[in-house]
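A quick write-up on the structure given underneath.
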Amino acid sequence: MDIDLSEDGKEEAKKAGRLLNNSGYSFDVAYTSYLKRAIRTLWIVLDEMDLMWIPTITSWRLNERFYGDLQGCSKKEVEKKYGIEQVHKWRRGYNDRPPALTIEDMRYPGHDFRYKVLKEDEIPRSESLKDTMDRILPIWRERIEPDLLKGKSVLISSHGNTLRVLIKWIDGLSDEAIEKVEIPTANPRIYQCKAGRNHVSLEIAYPLSEATAQRNATTCRP
């Protein structure tokens, strides 16, 4: 669902931008999804860093995972209908796909003008975490990794499950290990990039905090 940031979310985004700025980070290009909460987070972060002028690529591939027939329902509603254990599998499991929407359902993304350019088989009716990975990898391989190979510093503003699968891919985590990974909101995660001849290697990430911001104040490039 395309829900905007709350006031608390806006404050978190400002704090994230300040942390990055105070640590000496800068970026050459930014990526975000089609969903306004990720876009607004990016706007706020770039504003705090005085980087609103850098190129920004917006892609549906970086959208949050699509929960199918569970879209728009509260966690309590879904747990009451399907049970806590089943809901946990859908939320955390790598291969578990929630019930799909029908094409006639008005929540189906194909009814949204933003997705009219997509083929029907590209528009999800429900996604597992693995499906989300399959959706995201093309933009990683075709746009983000080539930018890193060129030596660019890349900022990605996206969503919890989207970032989980990127972390799985970058860190080489198993299907079981990714189930335990949590992504706090507006908490910058830094990767140091080493570009090889035809590929990049990304060193293990660390979350940015006030303490690391002070220690890394002389660091310029993520």
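Which strands (runs of 3 or more DSSP E) sit wholly inside segment 134-210 and have at least 3 residues that are touching a residue at least 40 places away in the same chain (Cβ under 8 Å) and within 12 Å of the chain's Cα centre (by Cα)?
Result: 154-157.
I'd like to check something: does segment 131-138 contain any residue that is surrounded by 15 or more Cβ atoms within 10 Å (Cβ to Cβ) and modelled with pLDDT under 95?
no
Got a sec? Which helices (runs of 4 or more DSSP H) wholly within segment 1-108 have at least 3 residues that are among the aliphatic types (A, V, I, L, M)?
Qualifying helices (runs of 4 or more DSSP H): 7-22, 36-48.
Does Ala38 fit the bill of being surrounded by 15 or more Cβ atoms within 10 Å (Cβ to Cβ), in contact (Cβ under 8 Å) with a residue 12 or more places away in the chain and outside the structural domain of Asp8 (by TED's automatic domain parsing)?
no
Right, Ile103: among the β-branched types (Val, Ile, Thr) and within 27 Å of Lys168 (Cα to Cα) or not?
no
What pairs come out if I take residues in segment 90-101 that are under 17 Å from Lys76 (Cβ atoms) and pair them with residues that are surrounded by 16 or more Cβ atoms within 10 Å (Cβ to Cβ) and of a type in the set (Lys, Arg) whose C-beta lies under 8 Å away, six or more apart or interchain?
Trp90/Arg97
Could you grab me the full set of residues in segment 185-198 that are at pLDDT 70 or above, at negative phi and in contact with a helix residue (DSSP H, G or I) (Cβ under 9 Å, 6 or more places away or on another chain)?
Of everything in segment 185-198, those that are at pLDDT 70 or above, at negative phi and in contact with a helix residue (DSSP H, G or I) (Cβ under 9 Å, 6 or more places away or on another chain) turn out to be Thr185, Asn187, Pro188, Arg189, Ile190, Tyr191, Cys193.
Of Leu166, Leu155, Leu208, which residue is within 24 Å of Lys36 (Cα to Cα), crowded, with 16+ Cβ neighbours inside 10 Å and at pLDDT below 85?
Selected residue: Leu208, the only one of Leu166, Leu155, Leu208 that is within 24 Å of Lys36 (Cα to Cα), crowded, with 16+ Cβ neighbours inside 10 Å and at pLDDT below 85.
So Glu142 passes all but one of these: (1) at pLDDT below 95; (2) loosely packed, with under 13 Cβ neighbours inside 10 Å. Which condition number does it fail?
It fails just one condition, (1).
Let me spell it out: the conditions are (1) surrounded by fewer than 19 Cβ atoms within 10 Å (Cβ to Cβ); (2) in contact with a helix residue (DSSP H, G or I) (Cβ under 6 Å, 6 or more places away or on another chain); (3) within 22 Å of Ile136 (Cα to Cα), and Leu62 meets all of them except one. Which number is the exception?
Status for Leu62: all satisfied but (1).
Out of all the residues in segment 155-168, is one or more out of contact with any strand residue (DSSP E or B) (no Cβ under 8 Å at 6 or more places or on another chain), charged (D, E, K, R) and over 20 Å from His88 (Cα atoms)?
no
The values are calculated or read from the model by the stated rules, or taken from the named source; none is laboratory data. Since the structure is predicted, the reported quantities are computational estimates derived from the model, not experimental observations. Note: ideal-geometry Cβ built from the backbone for every residue, glycine included; neighbour counts use all protein chains shown.
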